[in-house]
Each structure stands twice: as C-alpha cells, then as structure tokens.
Amino acid sequence: MGDPDEVFDRVSDDVTEGWPFSRSALMAGLRRYLAAPRLRLLDIRPLSLSYVTPGGLPDPLSKLRGMSVGVEVDGAERYIALVVKEAPVTGSGRVLSAVGQREYGVYQRLAPHLPLLVPGLVAGDPAHGWIVLEALTGLCPPEQWTREDYTEAVLNLVALHDRFWGLGEDLAIFPWLGRPLEADYAETVVAAAEAVQTLVLQEPLPALTTPRNFLAFGMLVQYADHIASLLRQETATLLHGDYWPGNIARPMEGRQIVFDWQLASIGPAILDLVVFIQTTEMTLTPALPAEEAIGLYREEMARRSAPGWDQEYFAVLWDYGLMWAFLTYWLRRLATLSVEDYDLLPPRFEAAWLHPVLAALERRLGVTLPP
C-alpha cells in the first residue's frame, strides 16, 4: 500500500494538471459520494469514454472525459471510473456557465424528485462549469436497442412529463432551469439571429449554402414570436431538452439511466417528443417505428395528464415544435461547426431535421421557399 506519509505527499499538491478541479475538491466529493470521511486520493488517470458511456453525437462544444481515480479507503486501495463534464464553450471561447449550473442543479436538487434514474453526482462547481459523475459501465449500445428498450424510454419520458405537468410556476424555484419561451426568450431569439448571420454572411458550411436554406433560416427568426405564441398555449412541464437513446444508458440489467441534462428547461412536452423522434431517426434505425412511439406517448399522456390532442391539432403542434427546436438548438449549433465537424454529423441530419423543418415552415407559415 505504501507509507501513509508518502501517500500524503502525493495528494498534498492541490493542483490537478489538465483537469478542471483541484485534488481537494475531488477528494471532498468522493468522501461524500462513498460515505468514507477518511478517504485519501492517490492518483488520476485518463480513461476511454467508450468504456464508460454510450456513444452520442459528436459535439465540439462540450468537453467530456473519462477518468480512473485511485483512492485509499480504510487501508485498501481501489480504482473508481468517473466521468468529467465541462460546460460548453462558444466559438469565441466563452464558457456557458449557465449550462453547467443547469446540469449540476438537476443532479444535486432535482434528482430525488425525478421518476427516472440519473447518474450519481460526485463533485461539481457550477460557477466554473464542471461536474464529476459516476461512470456508467456494462451498457447495451443504442444501436442494439430492442422494441422493449424504446418502449421503456418512451414511458420514462411520459413519467417525467406527468410528474411535473402544469408545475411551471412551481419549478420557478430552480432559477437555473432554462426558460426559452419565457424569461430567456429574448436571449434565445437573439442567439438564433446571430447564428443565422454567421451562417449567411460567413458561409462556414458549403453544404448548407443555398438560397433555400438561407431564406428559411431567416424566416424562422422572423416568425419566432408566432411560433412561440402557439407553444406557450401548451401546459408547461419539466423538459430534458436532448432526450434520445444516445443520452440514455441501458444497463444489461436494471432500469434505464438518463444523463446529459444541460438543456433541462421548462416548456411544452411536445419539444422533448420531437427531439426524441427526430434525433433517433437521424442517428439510429429504431426497433420501434416513429409512428408507434408517438402513438404510445400520446396514449399514455392522455391517460395520465394531458387532455389529449386531436390529430389535426397534434400535426400543427408537431410542426411548431420542429421549427422551434431547429430555431433554438440547431441554428446555434450549426453556426459553431467547421466543415469537418459538419461532416461528422449523421448522414441523415438533413432528412431528419432540415427538410422536415423547411416543409413545416412552408406548410404552417405560408412561406414560399426557392427550390
């Protein structure tokens, strides 16, 4: 095991080169997490992410790393697999600390109230935008999900929305939750407008540089108030913000575990459902067809909370949800991508997101786009 004084010397330097946290901060978190007040931190080693989390979309804005941490507890040494996540950084180098605060808040404050499982929080500093979570190992890759796995994911989404249905005002006690349709609306639309300006004036992505796309992007911003007005009529609930199999760990045994809550917000449930369906269709070949997944969600929500959407209104609501999701997420993301990053997106991005959004724009807002 080594001499205790030697162990102390190894941890006496509080600096952790290359990591966002200090040794003392990590050790304090581990002591709480493992309920081991005499724990000593020995060393920190990088660990492949493929070992600890399922695969997701490549995202150059976020910094996610695995690490193996050596500790001594009651005279015995062991290594623990953990995940370090740092808040996204914009192209100008600005750390989006609010995003880090949001995810930290979910794990620290909301986790006990959620009707689904989330990873355990080990340590974090919301002001500086980093968190350390327990690693999720021994998982079934999303590519191998069965109908039963997709059914569980849909029912978990229903349970989340049902638990907080109509509690938008109550959720206001958590100021770190996003409110893109309310308090954060102006900031959200300005960010989208700046993204469109980047895409149109700088033309960083040749694949998207067409008159049709550019006009559509501008129209989404121009009609933002109209799109938002319909969505505001819907009952608010707690939204995950990026709910799809790439952010859901499916252990070989036991319940699914939902992670990546950096877009958690308050808003209409349709937004989570749109993201689940479209991002899944973009990235995977789901064992549960989209129509069945949507039908299951609607049936269960009608049975629990929602009064039920008739087919005509649901089709309109779906299109508005598509447009809003693209306006508030994809425009901003696309504006940050290099050509190389764009090429890393799943090849069905345009079929799953871009083309349906443009069609919804023409169908619902009467906009005529060039061919």
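The numbers here are math on the coordinates, done by the rules we state, and not lab data. Predicted model, so just to flag it, every value in this text is computed and none were measured. Using ideal geometry, Cβ is built from the backbone for each residue, glycine included, and neighbour counts are taken over all protein chains shown.
Which of rounded, prolate, oblate describes region 148-272, given a ≥ b ≥ c as roots of the alpha-carbon gyration tensor eigenvalues and a/c under 1.5 marking rounded, otherwise prolate only if a/b is larger than b/c? Could you put the intermediate results ahead of the total?
Working: a/c = 2.44, a/b = 1.48, b/c = 1.65.
The shape class here is oblate.
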Task: Zone residues, region 342-371, relative to E291, backbone N less than 19 Å from point 7 Å out along Cα-to-Cβ - done: 352, 356
Task: Residue-averaged 222 nm ellipticity for the chain, from DSSP H runs of 4+ at -39500 (n - 2.57), nearest 500 - done: -12000 deg cm²/dmol
- [ ] Please compute the net charge surrounding I248, taking Lys and Arg as +1 and Asp and Glu as -1 over other residues with Cβ under 10 Å from its Cβ.
- [x] -2
Task: HN-Hα J in Hz across region 316-325 - Karplus 6.51, -1.76, 1.60, θ = phi - 60°, x for Gly and Pro - done: 5, 4, 4, 5, 5, x, 4, 5, 5, 4
TODO: Work out how far the C-alpha atoms of the chain reach from end to end along every principal axis, then list the three figures in whole Å, largest first.
DONE: 75, 49, 39
Open item on the list: Between helix 290-304 and the chain, what is the angle of the helix's C-alpha long axis to the longest principal axis, kept within 0 to 90° and rounded to the nearest 10?
Closed with: 80 degrees
Open item on the list: What is the angle, in °, between the Cα long axis of helix 185-197 and the longest principal axis of the Cα atoms in the chain? Nearest 10 is fine, range 0 to 90.
Closed with: 80 degrees
TODO: Report, by chain and number, residues whose modeled amide H sits under 5 Å from the one on G178, excluding near sequence neighbours (fewer than 5 apart, same chain).
DONE: S265, I266
Task: Amide H contacts of L205 (H built 1.01 Å from N, under 5 Å, at least 5 apart or other chain) - done: none
Task: Label-zone membership for region 232-272, site R109, 7 angstrom Cα→C-beta point, backbone N under 14 Å - done: 264-266
Open item on the list: In whole Hz and in residue order, list the ³J(HN,Hα) couplings for region 223-230 that follow from phi through the Karplus curve 6.51 cos²θ - 1.76 cosθ + 1.60, θ = phi - 60°; x for Gly and Pro.
Closed with: 9, 4, 4, 5, 4, 5, 4, 5
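Would region 224-296 count as rounded, prolate or oblate if I go by the C-alpha gyration tensor, calling it rounded below 1.5 in a/c and otherwise prolate when a/b exceeds b/c, oblate otherwise? Don't skip to the end; give the middle numbers.
On the way: a/c = 2.26, a/b = 1.58, b/c = 1.43.
In terms of gyration-tensor shape, prolate.
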- [ ] Could you pull out every residue, at least 5 positions away or on a different chain, whose amide H is within less than 5 Å of the one on A123? Hs are placed 1.01 Å off N in the peptide plane, and Pro or chain starts have none.
- [x] V132
Task: Gyration tensor verdict on region 217-371 (Cα atoms; rounded if a/c is under 1.5, prolate if a/b is larger than b/c, oblate otherwise) - done: oblate
Task: For region 163-171, 3J(HN,Hα) per residue [Karplus equation, 6.51 cos²θ - 1.76 cosθ + 1.60, θ = phi - 60°, Hz, x = Gly/Pro] - done: 4, 10, 4, x, 9, x, 5, 5, 5
